[in-house]
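All remarks here apply to the structure that follows.
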Amino acid sequence: MTTQPRLSRGAPEAQGISSSAIGAFVDAVERQIHDMHSFMLLRHGHVVAEGWWAPYAPAHPHMLFSLSKSFTATAVGLAAAEGLLSLDDPVLAFFPDAAPAEVGEHLAAMRVRHLLSMSTGHAEDTTPALRADPDGDWARAFLACPVEHTPGTHFVYNSGATYMLSAIVQRRSGARLLEYLRPRLLEPLGIAEATWERCPRGVDTGGWGLSVTTESIACFGQLYLQGGVWHGRRLLPAGWAEEATARHVSNGASPESDWEQGYGYQFWRCRHGAYRGDGAFGQFCVVMPAQDAVLAITSGLGDMQAVLDLVWEHLLPAMGDAPLPEDRAAHEALRRQLARLALPTQAGRPSSPTARRVSGTPFAFASNDLGLEALTFDFAGEGCALTVRDGRGEHQLRCGFGAWAAGETTLDSSGPRPVAASGAWTGENSYAIRLCFYETPFCPTLTCRFEEGELRLTFQANVSFGPPRRLELVGRVG
């Protein structure tokens, strides 16, 4: 672990960007985007602005989803430099035990560089096939998928391809991807909090599943901006940062879309000569070489293009070539603006006549996809103490009124997960709870409608890979 400060801080004006321009960006985000969770802006290697929308906070890691891919590609570059593999190695050479009985010419022609550039020749993402494999053998499932096109000629965004990169690094190095990266990348950058999800066979998922803090995303971007050198020490092979972020395959032709500017080695090309790693619901590491700037973002967005549009509108043109005159008033205004950032709590009233009637009454549920067995509400005072019972036992969740109450819950989760909760009465018989799983993009709302002897519960996701609204659950007294 490095003992040097990871990133220095300074006034925006000293790095050629005005505090008021950053403030205008934040205003636009709050007005138009709503669900940004954090951002950190670096200029000339200095953090000039950073903010977290409470209950998100600097110390909390955040799910990266496909931003994980850029870290996976970095491991491949390191492994190639160490002689563990070549980008021109056939993919099949790493998995002789998982090859199909009949190997087509396109599969035989697939190389590591095709996995990196999402040009494997598949007509669609292989990830569903991997997840559906009954034996959890994701490498075998990938190699069994039809390869319709000649590798290198056809772009398809393919998280299964990134999984294969992780599996290759593990096979050649003998270490999980995360452990391989620790001494080579993560520890030198001061990234101690990283975790990575694994497949059923114990391989890091590669294409998703990494969680780190916003500052760690920013450090990763700054490393690439500096060509792979960190505090005077070369971490990445010479030339890798330039090669990985160059355009290797076309992915469209629209001048208005940041998803059609070409694709590198697990990095997207952007408009304005920038490039980025990105993940579902707005996890971004945007590198702007011409401006010598990096922007790290975490969020829970349905429209990822919208936030990039605001970056190009407000931040990019505000970055000048020379320092600006000191502006203490504007800098202090920005500091105050960033200090009070918070996601809105659940709107409504603190109490209702119904509260006394239902308080302390358990409502039991039939079998359901939430795994929920019973809920009991205690409305003593403002807010609510919610007792949750499911297959993992019983726990209590506090819901603040006009405030976020921190806790932990197994609701809508495979295990206990940190959460902040806020609740309010939205009608005489309706109580709404906003849950913020602040290490993820997910902030669902539970609406509880109390009827005679029944509780009708609906679950509305802010963002989701499936339907945002689930079927109504009915809990009954006794």
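The values are calculated or read from the model by the stated rules, or taken from the named source; none is laboratory data. Keep in mind the model is a prediction, meaning the values are calculated, not measured. No Cβ is skipped: glycine too gets one built from the backbone with ideal geometry, and neighbour counts run over all protein chains shown. To get the accessible areas, we keep the full protein, side chains included, count just its heavy atoms, and leave off ligands, DNA and RNA. Shrake-Rupley method; radii C 1.70, N 1.55, O 1.52, S 1.80 Å.
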Considering each residue of the range 209-227, count those that are in a loop (DSSP other than H, G, I, E, B) and surrounded by 22 or more Cβ atoms within 10 Å (Cβ to Cβ), and give that number.
2
Residues in the range 29-48: is at least one touching a residue at least 12 places away in the same chain (Cβ under 8 Å) and within 16 Å of Thr162 (Cα to Cα)?
no
In the range 117-131, the residues that are hydrophobic (A, V, I, L, M, F, W, C) and outside any helix (DSSP H, G or I):
Met118, Ala123
Do we have Val147 as within 27 Å of the chain's Cα centre (by Cα) and not aromatic (Phe, Trp, Tyr) here?
no
Please state which one of Asp321, Asp327, Asp390 is within 27 Å of Tyr56 (Cα to Cα) and among the acidic types (Asp, Glu).
Asp390
Might you check whether a residue that is open to solvent by less than 30 Å² (accessible area, probe 1.4 Å) and either without any contact (Cβ under 8 Å) to a residue 24 or more places away in the chain or within 20 Å of the chain's Cα centre (by Cα) (or both) occurs anywhere in the range 448-457?
no
Residue that is modelled with the lowest pLDDT, among those in the range 370-387 that are assigned to a strand (DSSP E or B) and more than 16 Å from Val419 (Cα to Cα)
Leu372
Hits in the range 152-163 (condition: touching a helix residue (DSSP H, G or I) at 6+ places or on another chain (Cβ under 9 Å), under 27 Å from Arg198 (Cβ atoms) and open to solvent by 10 Å² or more (accessible area, probe 1.4 Å))
Tyr157, Ser159
Taking the range 458-469 as the region of interest, how many residues are closer than 18 Å to Cys436 by Cβ and touching a residue at least 24 places away in the same chain (Cβ under 8 Å)?
3
Can you say whether Gly45 is under 30 Å from Ala11 (Cβ atoms) and surrounded by 19 or more Cβ atoms within 10 Å (Cβ to Cβ), as far as the supplied structure shows?
no
All but one of (1) open to solvent by less than 10 Å² (accessible area, probe 1.4 Å); (2) part of a loop (DSSP other than H, G, I, E, B); (3) among the polar types (S, T, N, Q) hold for Ser38; state the number of the condition that does not hold.
(2)
Condition (residue is closer than 15 Å to Ala424 by Cβ and either of a type in the set (Lys, Arg) or loosely packed, with under 13 Cβ neighbours inside 10 Å (or both)) applied to the range 392-410: is it met by at least one residue?
yes
Scan of the range 72-102 for residues that are surrounded by 16 or more Cβ atoms within 10 Å (Cβ to Cβ) and of a type in the set (S, T, N, Q), ordered by number:
Thr72, Thr74
Can you tell me which residues in the range 228-244 are open to solvent by less than 70 Å² (accessible area, probe 1.4 Å), part of a loop (DSSP other than H, G, I, E, B) and hydrophobic (A, V, I, L, M, F, W, C)?
Leu235, Leu236
Within the range 188-201, can one find any residue that is part of a loop (DSSP other than H, G, I, E, B), surrounded by fewer than 22 Cβ atoms within 10 Å (Cβ to Cβ) and β-branched (Val, Ile, Thr)?
no
With criteria (1) within 30 Å of Gly104 (Cα to Cα); (2) touching a strand residue (DSSP E or B) at 6+ places or on another chain (Cβ under 6 Å); (3) not in a loop (DSSP other than H, G, I, E, B), Tyr163 comes up short on (2)
From the list Ile17, Ile22, pick out the single residue that is within 19 Å of Ala293 (Cα to Cα) and assigned to a loop (DSSP other than H, G, I, E, B).
Ile17
Just for strands (runs of 3 or more DSSP E) wholly inside the range 410-460: which have at least 1 residues that are among the small types (Gly, Ala, Ser)?
417-427, 430-436
Which residue out of Asp292, Asp258 is surrounded by 14 or more Cβ atoms within 10 Å (Cβ to Cβ) and either more than 26 Å from Ser211 (Cβ to Cβ) or hydroxyl-bearing (Ser, Thr, Tyr) (or both)?
Asp292
Taking only pairs six or more apart or across chains, which ones have beta-carbon atoms under 7 Å, a first residue in the range 179-190 that is at pLDDT 95 or above, and a second residue that is part of a helix (DSSP H, G or I) and polar (S, T, N, Q)?
Tyr180/Ser173; Leu185/Thr74; Leu189/Ser216
For Ser352, state whether it is among the polar types (S, T, N, Q) and buried (at least 22 other Cβ atoms within 10 Å of the Cβ).
no
